[in-house]
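K.L.:
Dropping a structure here in C-alpha cells format, bear with me for questions.
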Amino acid sequence: MENTILVAGGAGYIGTHTLVSLIQAGYRPVVFDNFSNSGIVALERVEQITGVAVECVKGDIRDADALSAVFQQCADRGAPVICVLHLAALKAVGESNSKPLEYYDNNVAGTLVLLTAMRRAGVDTIVFSSSATVYGEPEFLPFVEGHRIAPTNPYGWTKAMVEQILQDLCASHSAIKAICLRYFNPIGSHETGLIGEDPRGEPNNLFPYITRTAIGRADRLRIFGDDYDTPDGTGVRDYVHVADLADGHVKAIEYALSSRSEQGFAAFNLGTGRGTSVKELIAAFEGVSGVAVPHQVTSRRAGDIGEAWADPSRANQVLGWVAKRTVDEMCRDGWKWQKNNPDGYPEKK
C-alpha cells in the first residue's frame, strides 16, 4: 500500500498531534523539519504514544536539494510520497509585524521551493496548513469559506498568498489537488499529556500563557484589551482541540486522495462554530484545574480583531469532519500537558 505522507513542519505542536492521527489511520509519515521552534524529543513522545518509529529528516523547506533528496529516497525504497502535508511556517502574528521579510521568505518563498520539488517528484496532492487570519476583519459572522480574504497582518498575508499560489497551480494542472485548512484557534494537548504546545520564548497564543501562569512560569496573564464590542469586552475566538484538528488533516488527506475530490483546489474551515471570550476561557481553565490565573488588562495588540468564529459546515459535510471535544476538555488536556511538563519538553542531551 502506498501510504507515505511527507509532513513538512511535523515536529511542531500541530504536527506532532497530526502524526499520531496519521499513524493511527495507517499512514507512514516522513517528517521534514528544521527544528526552529521544536525539538526531537517531541517526535520521541509520538513514538511512545503510537509504538511506531517516526522517520525524520532535518532540513529547511527553502532547501530544494534537501527536499528533492527526501522525495527520491522514498521513491527508491518503493514507498513514494503520495501527499505532502505542509505545516512548516513561522506563525506569530505580532512577530510578523516586526519581521515581515522573514515571514514572506519562510512562508511564501519556502512554499514555492516545496511545490517545485513536489512537481519534480511527480507528487500531485498537498494539504496546506492555512489560517482563519486570511479573513481579516469580519464582514459577517460566522466566517464561511466564501468570505472576503483581507488579512490584517503579514502572517495572514503569507497564508493568503500561498492559497492563491495553490489555486493558480491547480488551475494550470488538472491533476493537482490542493486542500487548504483554515484553522481557527487550536488549543489543548493529546490526552496522555505526553505532547503539547511548547513555544520557545514568550508564547504568542493565549492558552500557553494561561497554563504557564497557572504553573508559575509567569507572574500574571496579560489580557490584550477589554473594550471590544463583545459581551464581556474581551476578544472572542473559536477554540478547537488540537486532537480534533489533527483528525481534520487525516480527513482532508483521505478526501484529496479519493475520487470524491473532483475540483483541484478547496478550502475548509476547521473550527467548532462556537465563540469563547478570553475571560470565559480563563474561567473554564480555572474550573477544570482548580488553579487561579492572576491576570491584568493591557492595551489591544495591533492587528487583533474583536470576534472570530467559524462556520464549519462545509468540512462537516464534505470531509465528514466534526470537532467533538469541548472547551472544558481542551483545558483539561492542556493542563495535563503543562503539569506533566512544567518546563516544556526536556532538552535533548
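K.L.:
Does L245 count as under 30 Å from V293 (Cβ atoms), crowded, with 19+ Cβ neighbours inside 10 Å and touching a residue at least 24 places away in the same chain (Cβ under 8 Å)?
P.N.:
Yes; evaluated as a whole, the condition is true for this residue.
K.L.:
Then there's this: Name the single residue, out of those in the stretch 134-180 being modelled with pLDDT of 95 or more and of a type in the set (V, I, T), that is farthest from S261 (Cα to Cα).
P.N.:
By that ranking, first place goes to T158.
K.L.:
Here's something else I'd like to know. Looking at the structure I just gave you, is A8 surrounded by 19 or more Cβ atoms within 10 Å (Cβ to Cβ), closer than 22 Å to C180 by Cβ and in contact with a Phe, Trp or Tyr (Cβ under 9 Å, 6 or more places away or on another chain)? Explain how you work it out, then say what you get.
P.N.:
Numbers: surrounded by 19 or more Cβ atoms within 10 Å (Cβ to Cβ): yes; closer than 22 Å to C180 by Cβ: yes; in contact with a Phe, Trp or Tyr (Cβ under 9 Å, 6 or more places away or on another chain): yes.
Here the answer is yes, as A8 does meet what is asked.
K.L.:
If I ask for residues that are out of contact with any Asp or Glu (no Cβ under 7 Å at 6 or more places or on another chain) and polar (S, T, N, Q), which ones from the stretch 209-267 would you list?
P.N.:
The answer is T211, T213, S258, S259, S261, Q263.
K.L.:
For the stretch 333-349, check the following and say yes or no: at least one residue is in a loop (DSSP other than H, G, I, E, B), under 26 Å from I215 (Cα atoms) and free of Cβ contacts under 8 Å to residues at least 60 places away in the same chain. Talk me through it step by step, then tell me what you get.
P.N.:
Here is the first cut: in the stretch 333-349, the ones in a loop (DSSP other than H, G, I, E, B) are 341-349.
Remaining after also requiring under 26 Å from I215 (Cα atoms): 341-349.
Now narrow it down to the ones that are free of Cβ contacts under 8 Å to residues at least 60 places away in the same chain: 349.
Looking for residues that are in a loop (DSSP other than H, G, I, E, B), under 26 Å from I215 (Cα atoms) and free of Cβ contacts under 8 Å to residues at least 60 places away in the same chain, one finds at least one in the stretch 333-349, hence yes.
K.L.:
If you scan the stretch 22-31, which residues turn out to be over 9 Å from T50 (Cα atoms) and either without any contact (Cβ under 8 Å) to a residue 24 or more places away in the chain or not hydrophobic (A, V, I, L, M, F, W, C) (or both)?
P.N.:
Answer for the stretch 22-31, where residues must be over 9 Å from T50 (Cα atoms) and either without any contact (Cβ under 8 Å) to a residue 24 or more places away in the chain or not hydrophobic (A, V, I, L, M, F, W, C) (or both): G26, Y27, R28, P29.
K.L.:
Evaluate the stretch 254-263: report whether one residue or more is within 25 Å of I49 (Cβ to Cβ) and out of contact with any strand residue (DSSP E or B) (no Cβ under 8 Å at 6 or more places or on another chain).
P.N.:
The answer is yes; a qualifying residue exists.
K.L.:
Residues that are within 18 Å of the chain's Cα centre (by Cα) and either in contact (Cβ under 8 Å) with a residue 12 or more places away in the chain or crowded, with 22+ Cβ neighbours inside 10 Å (or both): list the helices (runs of 4 or more DSSP H) wholly contained in the stretch 45-140 that include at least 1 such residues. Working first, answer last.
P.N.:
Details: elements: 64-76, 93-98, 100-103, 110-121.
Correct list: 93-98, 100-103, 110-121.
K.L.:
Please go through the stretch 158-188 and pick out each residue that is within 16 Å of the chain's Cα centre (by Cα) and either without any contact (Cβ under 8 Å) to a residue 40 or more places away in the chain or closer than 20 Å to V318 by Cα (or both).
P.N.:
Correct list: A160, E163, I179, C180, L181, R182, Y183, F184.
K.L.:
Same structure again: Among the candidates E197, E145, E191, E163, which residue alone is more than 30 Å from T211 (Cα to Cα), in a loop (DSSP other than H, G, I, E, B) and of a type in the set (D, E, K, R)?
P.N.:
E145
K.L.:
Yes or no: the stretch 311-319 includes at least one residue that is of a type in the set (S, T, Y), closer than 30 Å to I165 by Cα, at pLDDT 95 or above and not in a loop (DSSP other than H, G, I, E, B).
P.N.:
Yes, there is a match, as at least one residue in the stretch 311-319 is of a type in the set (S, T, Y), closer than 30 Å to I165 by Cα, at pLDDT 95 or above and not in a loop (DSSP other than H, G, I, E, B).
The values are calculated or read from the model by the stated rules, or taken from the named source; none is laboratory data. The structure presented is a predicted model; accordingly, all values stated were derived computationally and were not measured. FYI the Cβ positions are ideal-geometry reconstructions off the backbone, even for glycines, and counts take in every protein chain you see.
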